[in-house]
Amino acid sequence: MKTYQIACIPGDGIGKEVIPAGQEVLEALAKAQDKFNFKFKSFGWGGDWYREHGVMMPADGLGEIRNADAILFGSAGDPQIPDHITLWGLRLKICQGFDQYANVRPTRILPGIDAPLKRCAPKDLDWVIVRENSEGEYAGVGGRAHQGHPIEVATDVSMMTRAGVERIMRFAFKLAQSRPRRQLTVVTKSNAQRHAMVMWDEIAVQVAKEFPDVKWDKELVDACTARMVNRPASLDTLVATNLHADILSDLAAALAGSLGIAPTGNIDPERRYPSMFEPIHGSAFDIMGKGLANPVGTFWSCVMLLEHLGEPAAAQRLMKAIESVTANPELHTGDLGGKATTKQVTAAVIHQLNAAR
Ligand code: ATP
Ligand code: MG
């Protein structure tokens, strides 16, 4: 029987509660499927590691998880440590070290969830946002000079490479092609950003020629936010730059009901390195240690992890179990207006997995 090696990095805050819950669910699923096993290895990197060692992860940390089949990540963030250290010292180090250049963020309204977008039928909202995850506005190019003086200057340069844009466009077109509607919206801002975004548009036109069966259109990022609210059913797969997709995917998660539900995958499509799956929420120190965190975002991330491992039947079984649990308001956590605990939701999903046996 195949055994998948999963590196677990719970990180900080509620990451320490939702990742063990995800492990439990994956273990129960493996038992129920009886076709593969998981071997989990946990790494205590994050804020606590920083307090002890002065870094978020060991220098050879990437080497320790390099051979895993996938990584399950919680969150990195600690009120006592500056954000740029927690972000760049762990999560982004892994994303960049393993060239996980495609960040994939599905959004759907799950059964039973009271989403703000009330006039939108649940089936109208089935999006996947593809975020360029390796360059663009977050490339870290820029600098400051003459600090504190009237002539002070500061720049953040959005750096895009032809190779970087081509590979994310190709990934997005391929993903759109694999979905029932075969439709892609290329998000841009080339009316105002006249260099990199114009190249982005040109490359979209060029790559589209390789995918004649994909319907695609171009939308300005500002207009796209309005379209997500006013005409949600007109969107399916979207591709956007690092910054644009960062903003659009938070909007998407909020429209679908809660930050606590949404999953994401940081993917190396070429499979040279392990890909990393995580809930999109942060460390949420306000509810940490109370057993109140919604584990659904982690469970849905586990669905993406299973799809990536090439286990679509298991992925579907887990997604069905999650949906039958969200359909019951008594199993909603606080972020969804309910009173359920992390443990209750986890037990209910495991119960459903076994019932579907
Ligand atoms: P970070 O600094 O790591 O981003 P944060 O404290 O900003 O962490 P977020 O995860 O961004 O926390 O979420 C904002 C708020 O949403 C949290 O303070 C919490 O109350 C709520 N929240 C987020 N995720 C969950 C969850 N999984 N379950 C319940 N509530 C959540
Ligand atoms: Mg936050």
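Observations
- In this structure, the amide hydrogen of residue 38, modeled 1.01 Å from its nitrogen in the peptide plane, lies closer than 5 angstrom to those of 4, counting only residues at least 5 positions away or on a different chain.
- Only lysines eight or more places from residue 189 in sequence, or on another chain, were considered; those with a Cα closer than 21 Å are 215, 218.
- Ranking of 155, 326 by count of other Cβ atoms within 10 Å, fewest first: 155, 326
- Counting only Cβ charges, +1 for Lys and Arg and -1 for Asp and Glu, the dipole size of the chain around its Cα centre is about 980 debye.
- Contact order relative to length of the chain, as percent, for alpha carbon pairs under 8 angstrom and 6 or more apart: 23 percent
- Translational diffusion coefficient (Stokes-Einstein; Kirkwood radius from C-alpha pairs) of the chain at 37 °C, 0.692 mPa s, in µm²/s: 156 µm²/s
- In terms of overall dimensions, the range 45-201 has a Cα radius of gyration and Dmax of 19.7, 57 angstrom.
- Dimensions of the range 189-246 based on its C-alpha atoms, expressed as ranges along the principal axes with the largest first, amount to 30, 30, 18 Å.
- J(HN,Hα) series, the range 101-113, from Karplus relation 6.51 cos²θ - 1.76 cosθ + 1.60, nearest Hz, glycine and proline x: 7, 10, 9, 10, 10, x, 9, 9, 8, 6, x, x, 8
- Expressed in Å, the radius of gyration and Dmax of the Cα atoms of the range 182-290 are 16.3, 52.
Since every read-out is calculated from the coordinates, none of them should be taken as a lab result. Every value quoted in this text rests on a predicted model; they were computed, and no experiment measured them. When we count neighbours, we look across all protein chains shown, and the Cβ atoms used for this are built from the backbone with ideal geometry, even at glycine.
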